[in-house]
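K.L.:
Can you keep this structure in mind? I'll have questions shortly.
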Amino acid sequence: MEFNIATIAGDGIGPEVVEETLLTLEEIGNAYNHKFNFHKVLAGGVAIDEKGEPLPKETIEVCSKSDAVLLGAVGGPQWDHLAGDQRPERALLGLRQALGLYANIRPAILYTALKESSPLRSDIVDEGIDLCVVRELTGGIYFGDRGRRVHETMGEEAYDTEAYSVGEVQRIAKTAFEIARTRNKKVMNIDKANVLESSRLWRSVVMEIAKDYPDVTLDHMYVDNAAMQLVKNPGQFDVVLTTNMFGDILSDEASMITGSIGMLPSASLGETGLGMYEPIHGSAPDITGENKANPLATILSAAMMLRLSLNLEKEAEAVEKAVTNVLEKGYRTADIMSVGMELVGTKQMGDLVRKELCQLLKTSNA
Ligand code: IPM
Ligand code: MG
């Protein structure tokens, strides 16, 4: 089969980790007889430098005509002085909105081989961590009314608004319940319904949708308690359903407790099959160009892309298995390094995954 994939290398370590991922996809293409046409487009800081804006029209056009979008990372200190709507991050928000990607799927898994890397005590992680954050991505305070005005007595005032409509909550809740059906059939809804009106509506809509999924268990937690429970007993979570901003915060926490932010992939999905796939980590300006970045989160994002946008389940599993095997053989990039393991760079890690893929394919054809 033939597929069109828009690729956004972006800033910082983005180009390095995307390069390893494209090479890995080519390997998959050769092995399984698929043709991946990569369309390179600009977004983020590099687009500001070359085109004068973080998200050029052409980028949106190419992405919306593709089967999927693969993104490295955007942002860096050299663009920090820019105004809000001209910053590199604007590209991400703009793409999510323009492509209608309202569902952000962020699985956080503690790999057996990486147990040592978790900052949590071993008696806490012994049960394992295998949860999936389902974050609403095109609504809430990120896109609500905002501005400046003058306070009666306190001077200038700035405000941002959290607003959610029934339709917005219904569609993200359905996504969460559908995903729960493919996992351990548990949804934990996280909100702040003891304080926020938007959370009260959110929770009531989630409870309505739950009636269509009697096979899935639904529980609720306030976000402050959830932040605590994630470090106290992360094994209790399966699917975590939450709003745009709570999801932003909790997904960083969820990735940290697995000890491997450099390992975690994500998918952003909408009504159509088109999705955007990117690692959870950022552009890591401190190690840019040093062949130190961990390419596995981007490679695993490509696996999610194979599965969710291109419907290539076998191929996705092969990539995931190759990554697990490389870790089990003791290879580590600096971010997940521990005593007794072998330290490798970005390129070498990519090569190892591809070598492992070849090996897997040979044994499965034998
Ligand atoms: C993320 C990031 C973005 C967000 C930023 C870069 C705009 O933190 O994808 O989690 O807040 O959504
Ligand atoms: Mg974030």
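The values are calculated or read from the model by the stated rules, or taken from the named source; none is laboratory data. Computed from a predicted structure; not experimentally measured. Every residue, glycine among them, receives a Cβ derived from its backbone with ideal geometry; neighbour counts consider all protein chains shown.
Rundown of residues vs (1) at pLDDT below 95; (2) outside the structural domain of G14 (by TED's automatic domain parsing); (3) outside any loop (DSSP other than H, G, I, E, B); (4) within 19 Å of the chain's Cα centre (by Cα), yes/no style:
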site	(1), (2), (3), (4)
M305	no, no, yes, yes
E315	no, no, yes, no
V326	no, no, yes, no
V339	yes, no, no, no
L357	no, no, yes, no
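K.L.:
Something else now. Say whether the condition of being away from ligand 1 (no atom under 16 Å from the Cβ), charged (D, E, K, R), under 20 Å from V125 (Cβ atoms) and surrounded by fewer than 18 Cβ atoms within 10 Å (Cβ to Cβ) is met by at least one residue in the stretch 325-334.
P.N.:
For the stretch 325-334, residues away from ligand 1 (no atom under 16 Å from the Cβ), charged (D, E, K, R), under 20 Å from V125 (Cβ atoms) and surrounded by fewer than 18 Cβ atoms within 10 Å (Cβ to Cβ): present.
K.L.:
From the residues in the stretch 112-129 that are farther than 18 Å from E328 by Cα and free of Cβ contacts under 8 Å to residues at least 40 places away in the same chain, which one is surrounded by the fewest Cβ atoms within 10 Å (Cβ to Cβ)?
P.N.:
D123
K.L.:
In addition: Within the stretch 87-100, can you find the residues that are surrounded by fewer than 23 Cβ atoms within 10 Å (Cβ to Cβ) and either more than 9 Å from ligand 1 (Cβ to nearest atom) or farther than 23 Å from G262 by Cα (or both)?
P.N.:
R87, G94, Q97, A98, L99, G100
K.L.:
Another question, if that's okay. Quick check on my filter: what residues within the stretch 162-191 are over 24 Å from G100 (Cα atoms) and surrounded by 18 or more Cβ atoms within 10 Å (Cβ to Cβ)?
P.N.:
M188, the sole residue that qualifies.
K.L.:
Go through (1) in contact (Cβ under 8 Å) with a residue 40 or more places away in the chain; (2) away from ligand 1 (no atom under 14 Å from the Cβ); (3) under 16 Å from E20 (Cα atoms) and name the single condition S260 misses.
P.N.:
Condition not satisfied by S260: (3).
K.L.:
Exactly one of these conditions fails for Y277: (1) within 15 Å of ligand 1 (Cβ to nearest atom); (2) surrounded by fewer than 23 Cβ atoms within 10 Å (Cβ to Cβ). Give me its number.
P.N.:
It fails just one condition, (2).
K.L.:
Can you list the helices (runs of 4 or more DSSP H) lying wholly within the stretch 39-113 that have 2 or more residues being over 21 Å from the mean Cα position of the chain (by Cα)?
P.N.:
45-51, 57-65
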